[in-house]
Amino acid sequence: MKSILASCLLSSACFAQLSPGGATASFKGSLPPKPTADLSADEQGSIEKRLAEVTAQFAVVKKHPRAADADIFIKAVRYAVEFHEWYDKKAADSVKKANALLDEATKRIESLKANQTPWIDGSGQKVLGFYSRIDDSPQPYGVEVPEGLEFGPGKKPVPMWIWLHGRGDTATDLPFVYSRLMAKKPGQFQPKGTIVIHPFGRYCNGWKSAGEIDVFEARDDAKARFNVDTNRIALAGFSMGGAGAWHMGAHYPDQWACVHTGAGFADVKRYQKLTPDKYPVWYEQMMWGVYDVPDYARNFLNVPLVSYSGEVDAQRDSAEYMMEVLAKEGLKPPHLIGPGMPHKYHPETIKEVQALIEKHVEKGRDNFPNEIHIQIKTPFYGRVKWMNLHGLEQGWQDARIDAKVVDGSTIEIKSSNVSRIVFYPPPQARKGNGSITVNVDGQTLKLKLGPEQAGWENFLSPGKKEPGAFCRLIKKNGQWTDYGNDQPFMHEGPEGGKPGAHPGPMDASFMKRFLVVLPDGKSSSEAVDAWVNAESAHFLKRWRGLMRGDVRVAKASEIKDVYEAGKTQSLILWGTPESNSCIKQLASSLPVKWSDGKVGIGTQAFDAKTHVPLLTYPALKSMGFEVVINSGLTFREAHDKTNSLQNPKLPDWAILDITQAPDAETAGKVVAADFFDEHWQVIPRVKSPSDKNLP
């Protein structure tokens with residue numbers, strides 16, 4: 001009887017999981033939402049005046065290494081003022097919070113003037129900040145330091161948990177920072193002798209895009225401050241945070257000692273209950289492969305996984321489905337069920353969850369295991385520990401590597417849909433007197449063994465690589481060959497192709513440092529210029545509102561050498577060769593062409609007065625230099641109603657008919673769109689794939 005009742009309750013909960021329109025129940029119409037109780041003109045003016053004063057004070061310390069610890073408070077109030085992010089029932093309470101943040105900013109500015117940071121010392125709740133490498137914006141994160149824990153230089157390295165918070169439409173900078181500043185109680189878990197950090201995640205994006213990178217930047221900042229043991233870091237989260245733990249655990253299984261997924265969705269189609277008649281266009285379906293966790297399930301063979309669901313929680317369905325998918329890969333991780341629980345932890349079951357995570361964290365991760373398993377849809381996530389699935393034969397199709405150290409000088413590799421492999425032979429395979437044998441898909445290759453890295457972290461983390469330390473294999477005409485390991489590690493990969501550094505689509509460029517370059521002239525089409533101006537402004541505001549940062553912007557006339565500017569960042573270029581001198585410099589190397597009043601790509605051409613090209617392209621392959629033309633984030637306001645829809649909506653290139661005005665779904669009517677092939681060539685399709693059936 002109990003199981004039948006639970007089944008009925010679960011069915012009911014599943015039905016109520018999303019609104020009929022597919023929106024999350026908490027969605028308030030926009031991100032950020034409109035104010036609950038807006039401030040009066042006098043209240044707003046008072047906050048703005050004080051904000052200006054504190055901002056002027058901050059200028060004195062803005063170059064201090066810990067300036068972000070004060071800047072996060074200033075930015076939180078600035079954004080609250082700009083977007084009217086006042087979510088208390090009484091305006092007076094919002095004013096109180098804004099002033100509390102400005103008070104704290106003032107205190108920290110005074111301390112920084114004396115080169116002191118007392119807020120870092122000791123135990124308890126803290127709120128800290130760092131400047132993001134993506135856009136230089138100050139981003140906050142919370143920290144819990146248990147009583148009596150000793151940390152810092154000269155102390156024993158400490159373990160750390162990263163806790164990913166759930167969805168909160170009103171949890172913008174000000175509420176988040178205030179809640180961490182005034183926190184009186186610890187979070188959901190209090191692991192013994194362990195620091196717990198709470199990344200902001202760029203607000204409410206399902207821990208995707210810049211929110212994904214925010215987790216690593218918060219982690220790295222905390223590691224440096226608290227002397228964290230790199231090998232004993234756990235990733236955990238609940239609800240939206242559980243969804244984040246699912247995809248970040250699957251994408252980066254080599255980064256964690258354990259992954260805990262609590263009540264989070266794992267894919268688009270099942271979560272949105274989509275039937276074929278409701279599927280989006282074919283290329284959007286293919287790009288579900290960026291974040292759909294079932295497409296990366298095999299990666300969990302590389303890291304311990306602990307899942308939790310409430311017995312009657314609608315989200316239990318996602319975890320049960322993942323258990324089925326994982327079982328097909330030979331993996332049966334613990335999935336703990338909170339008896340009678342809806343969307344929350346059971347007070348006893350949570351103790352079991354914590355004990356399991358603590359056990360794995362205590363053991364720590366193995367940086368050089370004998371076996372590596374990789375499953376991906378894009379090489380952006382192709383690296384796991386000492387192995388990198390560097391290129392696909394067919395993009396957006398399932399690709400796999402299973403690698404194993406057989407003996408002291410032999411590695412066995414089995415692959416599927418793989419064109420390039422880069423790997424660093426682990427210590428236990430370096431006993432072959434300067435060479436290593438690789439058995440790959442039935443072939444045997446003898447490879448030169450390069451030098452060892454100065455430390456494993458040089459390989460497992462971003463940073464300078466020893467060029468000769470890597471082995472590189474490339475498949476030609478169905479046969480694997482040794483590409484050699486004595487050349488510099490190039491971003492574009494052996495003989496071109498789409499590597500992990502830049503595999504497309506357009507949205508991938510906003511997960512790394514980028515610069516928006518606006519037009520410095522006009523084109524021959526007033527309609528195109530008007531669209532470019534409106535859409536570039538829309539992106540700048542959208543990034544502030546959703547990704548909580550100020551985009552770095554320059555005029556094209558300020559970029560003297562576009563190739564030099566592209567060495568250290570992605571360039572987001574708006575306009576045409578007529579209106580943007582940077583696009584003009586690159587025009588001959590781009591696959592899109594403007595001529596005779598037409599704009600075209602491949603064999604397709606359209607009226608240049610009413611059509612605009614959008615694309616991403618490696619304009620200078622040898623430097624890993626990528627540009628994006630006429631596009632910001634491709635998911636728009638209509639997709640904010642649920643984090644499951646905040647995914648790329650356009651592939652590597654598209655042509656828009658701008659006679660259809662931009663709206664919450666799209667920037668114009670898409671008249672052509674596709675991916676480039678694995679060597680950045682236009683795919684000569686005789687017939688486009690069906691909108692309802694993938695190619």
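Each value in this text was obtained by applying a stated rule to the coordinates, not by laboratory testing. Predicted model only: the values in this text are computed from it and were never measured. Note: ideal-geometry Cβ built from the backbone for every residue, glycine included; neighbour counts use all protein chains shown.
Treat every Asp and Glu Cβ in the chain as -1 and every Lys and Arg Cβ as +1, leave all other atoms uncharged, and give the resulting dipole magnitude about the Cα centre to the nearest 20 debye.
Here the chain has a charge dipole of around 800 debye.
For Rg/Rh (Cα atoms, Kirkwood Rh), several values are listed as [x] 0.96; [y] 1.03; [z] 1.07; flag the one computed from this structure.
[x]
Subtract the Cα-Cα distance of ASP482 and LEU274 from 0.36 nm times their separation in residues, and report this length gain in nm to one decimal.
70.4 nm
Multiplying the sequence separation of GLU558 and GLN57 by 0.36 nm and subtracting their Cα-Cα distance, what value in nm do you get?
Working: separation 501, 0.36 × 501 = 180.36 nm, distance 2.97 nm.
Net length gain for the segment: 177.4 nm.
Does segment 383-482 classify as rounded, prolate or oblate by the C-alpha gyration tensor (a ≥ b ≥ c root eigenvalues; a/c under 1.5 gives rounded; else a/b over b/c gives prolate, otherwise oblate)?
oblate
Rounded to the nearest 0.05, what FRET efficiency is calculated for ASN533 and LYS28 with R0 set to 35 Å and r the Cβ-Cβ distance?
Once the sixth-power term is evaluated, E becomes 0.75.
What shape does segment 541-695 take by its C-alpha gyration tensor, where a ≥ b ≥ c are the square roots of the eigenvalues and a/c under 1.5 counts as rounded, a/b above b/c as prolate, and the rest as oblate? It would help to have the intermediate numbers written out before the result.
Values: a/c = 1.45, a/b = 1.08, b/c = 1.34.
It comes out rounded by the Cα gyration axes.
Hey, can you list the DSSP H helices of the chain whose Cα span along the axis is 27 Å or longer and whose average Kyte-Doolittle score is at least -1.0?
In the chain, the long hydrophobic H runs are 91-113.
Give the total of Lys-Lys pairs in segment 334-401 with Cα-Cα distances below 21 Å; include a pair only if its members are 8 or more places apart or on different chains.
Summing the qualifying lysine pairs gives 4.
Give me ARG219, ARG430 ranked fewest to most by other Cβ atoms within 10 Å of their Cβ, as a rough exposure proxy.
Values: ARG219 20, ARG430 15.
With the fewest neighbours first, ARG219, ARG430 line up as ARG430, ARG219.
Can you put VAL440, VAL177 in order of Cβ neighbours within 10 angstrom, beginning with the fewest?
In increasing order of surrounding Cβ atoms, one gets VAL440, VAL177.
Taking only Cα atoms of segment 491-609, what ratio of Rg to Rh do you get with Rh as the Kirkwood inverse-distance radius?
0.97
Testing the spin-label approximation: label points 7 Å from Cα along Cα→Cβ at ARG400 and LYS363. State their distance in nm.
Computed distance between label sites ARG400 and LYS363 equals 2.3 nm.
Based on the Kirkwood radius over alpha-carbon pairs, what is the Stokes-Einstein translational diffusion coefficient of segment 362-409 at 10 °C with 1.306 mPa s viscosity, in µm²/s?
Answer from the Stokes-Einstein relation: 133 µm²/s.
Counting pairwise Cα distances across segment 11-87, what percent come out greater than 18 angstrom?
It works out to 58 percent of all Cα pairs.
Would you list, by chain and number, the lysines whose Cα falls below 23 Å from the Cα of LYS584, excluding same-chain residues fewer than 8 positions away?
Cross-link targets: LYS522, LYS555, LYS560, LYS567, LYS593, LYS598, LYS609, LYS621.
Would you list ASP402, ASP561 from fewest to most Cβ contacts within 10 Å?
Values: ASP402 17, ASP561 10.
Ascending Cβ contact count within 10 Å gives the list ASP561, ASP402.
What are the residues whose amide H is under 5 Å from the amide H of ALA234, where those residues sit 5 or more places off or on another chain and H is modelled from the backbone?
MET160, TRP161, ILE162, ALA257
Which shape class, rounded, prolate or oblate, goes with segment 311-403 when its Cα gyration tensor gives a ≥ b ≥ c as root eigenvalues, a/c under 1.5 marks rounded, and past that a/b bigger than b/c marks prolate?
oblate
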